[in-house]
Amino acid sequence: MTPQEFRAQFPALDDWVWLDTPGAPPGARPVIDRLEHALDEWLSGSFDWADWDSAADSARAQFARYTRVDPRSVATLSSLAEAAATVVRSVEPGKTIVVAEDEFRSVLFPALNHATSNSLDIDVVPRTPGRSRTDSLLDAIDGSTGLVMVSEVLTNDGERVDLDKICNAAHSNGALVFANLTQTLGVLRSDLSQHPADFVAAHGYKWMLCPRGTTWLVTDPSLHELDPLIPSWKTVIPQGYFGGPYTPSQSSSRCNSSPAWLSWIGARSALDVIERIPETSGREHCLELAATFEVAVRNLDFSILNCGARSHIVVAAPPAGREVSAAALRERGIRATVTENKAVRVGFHYFNSLTDVDQAIDAIVDSITSSSRESP
């Protein structure tokens, strides 16, 4: 599938330059069509609830094929926080959890809560201005480390951490790694067959184009036997409705959540779309657009907040005494985020183009105003 063919799946792109996929993408036509069909079935009473209930298992098999992993290594959950809370319970007593202080809260807060509730040590790694998240985390890993929890890309600066280095350092010290790929799977990655982390999780509602409520957790069940956060009839084999005994599945499905049917129905159609993107050329396309945008805003004297490896997400602060009007960008048809710190955040998917970059830069130039601090 070419970028143009992919772009044609999104009617919203006729009206918007969409650079806000780090928050959420527009709906893909096949996904919306399938959801509308399901709603019509529900309204008419013609739906089969058992078929709907199987959507998560079907999406699990699709996801495994897309990422080239064994389906037995995949669990289907409802949120990233649930995946993180499931994994953090595997930390051995006496070991330390390592996590960056500016980590996404759905990773950070499960770590903080578990450490506090179980009297475990946690090393919340401070960020030094001008220093990469990768280097900060590497300095914190030592023989006391039991688990490192890290997002491959965070939207507060767009750094892509070096997961190979982090995993090598952790494993050489006998520690495990939980990697959140919510901001990279579907755009910078698809093949997880050789991924270095012990636990990989991704919520599908961003770059994977799924409805919210669709998260995958990947780990080898023969190496890491996780306990389910919420045991239910979806975590046992054979599945049933009433009575015992409780016999957890021997696959990663032992950590499944009971599925939100419509979310997983949409996820199946989203996977049909996303798996048609060629991994290598798709990644290069998005990175090239981000690099072009970065050069353009640097020429406007914006500061790039990323102190590490670049990604498809760029976060840029305007020069002192200036700010970008979010309302003005939207009036120009640009969907991007102006952060609480007044930085502009954009992200490039396979449906974006150089024309999008040009239009965004023009809109930024037109929307720059003097900040209120500088106004008389």
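Quick check on residue 87: is it in a loop (DSSP other than H, G, I, E, B), under 23 Å from residue 228 (Cβ atoms) and assigned by TED's automatic domain parsing to the domain that holds residue 167? No, not satisfied. Scanning the range 303-361 for residues that are at pLDDT 95 or above and on the phi > 0 side of the Ramachandran plot yields a single hit, 333. The single residue among 106, 136, 119, 144 that is of a type outside the set (A, V, I, L, M) and closer than 26 Å to residue 252 by Cα turns out to be 106. In the range 231-239 there is at least one residue matching the filter, namely being part of a loop (DSSP other than H, G, I, E, B), crowded, with 20+ Cβ neighbours inside 10 Å and at negative phi. Looking at 182, 215, just one residue is within 15 Å of residue 23 (Cβ to Cβ) and not acidic (Asp, Glu), and that residue is 182.
Using the structure shown, decide if residue 268 is in a helix (DSSP H, G or I) and either in the same structural domain as residue 23 (by TED's automatic domain parsing) or touching a Phe, Trp or Tyr at 6+ places or on another chain (Cβ under 8 Å) (or both). If you could, list the steps in order and put the result at the bottom.
On the way: in a helix (DSSP H, G or I): yes; either in the same structural domain as residue 23 (by TED's automatic domain parsing) or touching a Phe, Trp or Tyr at 6+ places or on another chain (Cβ under 8 Å) (or both): no.
Taking the combined requirement at face value, the residue does not satisfy it.
When the criteria are applied in full, residue 62 fails the requirement of being out of contact with any helix residue (DSSP H, G or I) (no Cβ under 9 Å at 6 or more places or on another chain) and assigned to a helix (DSSP H, G or I). The set of residues from the range 116-133 being touching a residue at least 24 places away in the same chain (Cβ under 8 Å) and touching a strand residue (DSSP E or B) at 6+ places or on another chain (Cβ under 9 Å) comprises 120, 121, 122, 123, 124, 125, 126, 127, 133. Considering only residues of the range 72-81 that are part of a helix (DSSP H, G or I) and in contact (Cβ under 8 Å) with a residue 40 or more places away in the chain, which is surrounded by the fewest Cβ atoms within 10 Å (Cβ to Cβ)? Applying the filter and picking the extreme gives 72.
Got at least one residue in the range 238-245 being without any contact (Cβ under 8 Å) to a residue 24 or more places away in the chain, of a type in the set (Phe, Trp, Tyr) and either touching a helix residue (DSSP H, G or I) at 6+ places or on another chain (Cβ under 6 Å) or over 18 Å from residue 69 (Cβ atoms) (or both)? So that I can check it myself, show each step before the final result.
Initially, the range 238-245 is screened for residues without any contact (Cβ under 8 Å) to a residue 24 or more places away in the chain, giving 238-245.
Restricting the remaining residues to those that are of a type in the set (Phe, Trp, Tyr) gives 241-242.
If we keep only those that are either touching a helix residue (DSSP H, G or I) at 6+ places or on another chain (Cβ under 6 Å) or over 18 Å from residue 69 (Cβ atoms) (or both) too, we end up with 241-242.
Yes, the range 238-245 contains a residue that is without any contact (Cβ under 8 Å) to a residue 24 or more places away in the chain, of a type in the set (Phe, Trp, Tyr) and either touching a helix residue (DSSP H, G or I) at 6+ places or on another chain (Cβ under 6 Å) or over 18 Å from residue 69 (Cβ atoms) (or both).
Please go through the range 191-222 and pick out each residue that is of a type in the set (S, T, N, Q) and either buried (at least 21 other Cβ atoms within 10 Å of the Cβ) or assigned to a strand (DSSP E or B) (or both). Once the filter is applied, which keeps residues that are of a type in the set (S, T, N, Q) and either buried (at least 21 other Cβ atoms within 10 Å of the Cβ) or assigned to a strand (DSSP E or B) (or both), the range 191-222 yields 214, 215, 219. For the range 119-146, a tally of residues being closer than 17 Å to residue 95 by Cα, surrounded by 15 or more Cβ atoms within 10 Å (Cβ to Cβ) and out of contact with any Asp or Glu (no Cβ under 8 Å at 6 or more places or on another chain) returns 6.
Residue 251 meets the conditions (1) closer than 20 Å to residue 79 by Cβ; (2) touching a Lys or Arg at 6+ places or on another chain (Cβ under 6 Å); (3) not aromatic (Phe, Trp, Tyr) in every case but one. The failed one is (1). Checking each residue in the range 188-203 for being closer than 18 Å to residue 252 by Cα and either among the basic types (Lys, Arg) or under 11 Å from the mean Cα position of the chain (by Cα) (or both) picks out 200, 201, 202, 203.
Would you pick out the residues in the range 21-31 that are surrounded by fewer than 18 Cβ atoms within 10 Å (Cβ to Cβ) and touching a residue at least 24 places away in the same chain (Cβ under 8 Å)? Answer for the range 21-31, where residues must be surrounded by fewer than 18 Cβ atoms within 10 Å (Cβ to Cβ) and touching a residue at least 24 places away in the same chain (Cβ under 8 Å): 23, 24, 30. Counting only residues that are in contact (Cβ under 8 Å) with a residue 24 or more places away in the chain, closer than 15 Å to residue 357 by Cα and either outside the structural domain of residue 349 (by TED's automatic domain parsing) or in a helix (DSSP H, G or I) (or both), how many does the range 291-334 have? Total meeting the criteria: 5.
The values are calculated or read from the model by the stated rules, or taken from the named source; none is laboratory data. In this text the structure is predicted, and so the values were computed from the model without any measurement. When we count neighbours, we look across all protein chains shown, and the Cβ atoms used for this are built from the backbone with ideal geometry, even at glycine.
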